[in-house]
Amino acid sequence: MQVDVNGLSGFINMNYRMKLKFVCFSVLVFALALMGCTPEDILNALKSNATLRINPYIMNNSADSRIIEEGSNYYFSNGDSIALVVFPEGYSPNQYEEGFIQTASFDGNVWKADYASAFQPQSFLWNEIDDLKWKSSGDNFEIYAYTPDVRQALVWPVYNGSVSLNQDNKDNFYASDFLFGRIVTKRTDSNVAIPMEHKLAMLTVKLVNRDSTKTNVTGMSVTAYPDYWTHFVLDEVYCSSKEEKVINAFCSGDSIFSVILPAQNISDGQIEFSMDDGSKKKLHVDMRMDFEKNHVVKVISLDNGRMEVVDVEKIPWGMDENEGEAGENEVYNTGDVIVYQKKRVENPVTMVVTGDGYTLEDLRHGGKFEKQARAALDFLFGVEPYKTYRDYFNVYIISALSRERGGDNYTIGIEKDTYFNSGWSDDCSDMWANETVITNFVQTFCPDIVNGSINMDDVPVCLLVNDPRYGGICYSWGSGKSFAIVPTTEGTWKLSDNEELGICVCDWRNTFLHEYGGHSFGRLLDEYYTKGSGNTYNEKSIDSHSWEVPLGLNLVADTTGVYDPVHWERMVKDERFPKVGFYEGGNKYEEGIWRSEVISVMDDNRRYFNAISRQIIVERIKSKAKEVFSFDDFCSKDVDYDELRDSKSRSVSNSDGIREFPRTPAPVLIE
């Protein structure tokens, strides 16, 4: 007699899970009965907050949107499907857990549940379901939503995709549009809105003088890479350079052809036209595509029959290129205020984000500047303690028009004509912007300063610089005034190779978190140092601790507290803060300075402020809001979770091949 061990194991596991669910169900019913609940009460309690109701919508430049194009807007339509991965915040999903992936389809009015995964190591089954479900435990949940290929055997957190090679078919064209969204939300009976974005790139080629051509263009194809993969947690999409294939384009109008692709470089000859006489014509263009952009290429046909490119423009998905003609209603002017959020009238806790090196095109409504500023702030308010205390803040995005993109490059002597005159050398040590212009700008346009609620010392400012180079710095004064400079550096990188502590794969938003959330608002000092440097701090205290508005309380020069009070003294040996102690090294010094935890955002830019940094930030929030700080209240709300280190973390297991950058320079301190 032969025994199928794998099948037997699967049966035993399934049987165990069923028994466990039955026991939990029975205990819950018994507990409710002891509380005096009627059978109807028990039934309602079991049903309450169990069903997940969703309302996904597609982010677009000008409207909430979708996959079939109607007047440059995109909307979900009848028959569209979506996949969801739902799990308690701070945990990582298990692909072998029943319902790891849930799918739903749109009937034109509401989203209805379709399938839930029931994966096993040797099989990938899908069961029909009546409702989408929240997980049984937890109050706060992370929801990841994506389409197409909703019934892919996903291995968390990687999604593999490929655009259709036959996009000349309308359905295939729209089915190539990869949409992704992530939110964190509380369990609720109401519909959960899920904003989703187009993550790939679009290439649109328009033949401008089609009436003057001797032959008509009947089709277009692009030889390109069709495959891509996505890291859901990092919210990054990558082109897979496996094999180039011929991708036929969709004809969306008279001599207008479009294809959806993973962003990549397009070179001479990769775009080819099919003519009605049977001939082929190649287009000579060199172009670097960006994800989440539509690349509009305008082409004319010359008398000799050659096709020539006359214009290449990158515009947001869903925007027609005619909208790119700058007008008062489409472009933000210098000093225009975008209210990211406004929560308080009295005693506001105010933040301002502005930008340098953003030109007229970048300042379109929903354009590059607004999108990057919102992305930075979304990232910041997704990290504790900013996440918990978000409702204290008034946050303003204020536009500034520059004549040229980028910042000055001191290393090679390139000067750019920008509003704040920002610039730096390749080693980032001398990052600078005109402080007088920044101060006058914020005092002139920040609503909470203009109405007299606060002054310049109360408003930490971030200057985003539209430049792909690496960098980041903060200038801080003893009065509390500060501004951070953060370039929107291209790509991703890591700052260390410490596998034990988890490797943080960063982008420019992590720099924003460190420089603005840590240095500028939090008034924290760096917690990194170079091992083996022998660099020693020989003073008994840190000068900035005694400033009018103290700075650097996350470090100490005397662990006894005699000469330099230890701000985290009451956290040491408190079981609520198991990571807290004394770790030598910080502010670039290997010896003579101590930090409270082994790692934090003030070291490698991870999405984790250590416990004392969280307390310092909350103390700052309470002080600005004219409220009394309570340590017990802080502890009751505190969330101590490092996604790269703690149990069930979502650390990146393989960072091989990812470039390594140095830490950004220490803040410039001005007493």
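Quick look at the numbers
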read-out	value
Linear extension gain, residue 562 paired with residue 243, 0.36 nm per residue minus alpha-carbon span	108.2 nm
Tail beyond 15 Å, pair distance distribution of region 405-475 (Cα, percent)	56 percent
Cα-based convex hull volume of the chain per residue, rounded to whole Å³	216 Å³
Partners for residue 293 among lysines (Cα-Cα distance below 19 Å; same-chain residues under 8 apart left out)	199, 206, 314, 368, 371
Those lysines that a straight Cα-Cα span of less than 24 Å connects to residue 186, excepting residues fewer than 8 apart in one chain	21, 47, 112, 133, 135, 342, 343, 387, 637, 648
Two-decimal log10 I(q)/I(0) for region 338-476, as the Debye equation yields it once each C-alpha is a single scatterer, q = 0.10, 0.18, 0.20, 0.22 Å⁻¹	-0.34, -1.07, -1.26, -1.42
Efficiency of FRET from Cβ geometry, residue 136 and residue 339, R₀ 30 Å, rounded to 0.05	0.20
In nm, spacing of pseudo-spin labels at residue 411 and residue 267 (7 Å Cα→C-beta vector)	2.6 nm
Accessible area (Å², per residue) of region 152-295, counting only protein heavy atoms and a probe of 1.4 Å	42 Å²
Proximal charge balance of residue 381 [Cβ under 13 Å; K/R count +1, D/E count -1]	+3
Accessible surface of the chain [probe 1.4 Å, protein heavy atoms]: carbon and sulfur percent	47 percent
Within straight-line cross-link reach of residue 588, lysines at Cα separation under 19 Å, skipping those fewer than 8 residues along the same chain	494, 531, 540
For region 523-671, accessible area per residue (1.4 Å probe, heavy atoms of protein chains only), Å²	48 Å²
Using a Förster distance of 41 Å, the FRET efficiency for residue 629-residue 95 (Cβ separation, nearest 0.05)	0.40
Over the chain: helical MRE at 222 nm, DSSP H runs n ≥ 4 each giving -39500 (n - 2.57), nearest 500	-4500 deg cm²/dmol
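The values are calculated or read from the model by the stated rules, or taken from the named source; none is laboratory data. Just so it is clear, the model here is predicted, and its values are computed rather than measured. Neighbour counts run over all protein chains shown; Cβ positions are idealised from the backbone, glycine included. Ligands, DNA and RNA are stripped out before the accessible areas are found, and what is left, the full protein with its side chains, is counted by its heavy atoms. Shrake-Rupley method; radii C 1.70, N 1.55, O 1.52, S 1.80 Å.
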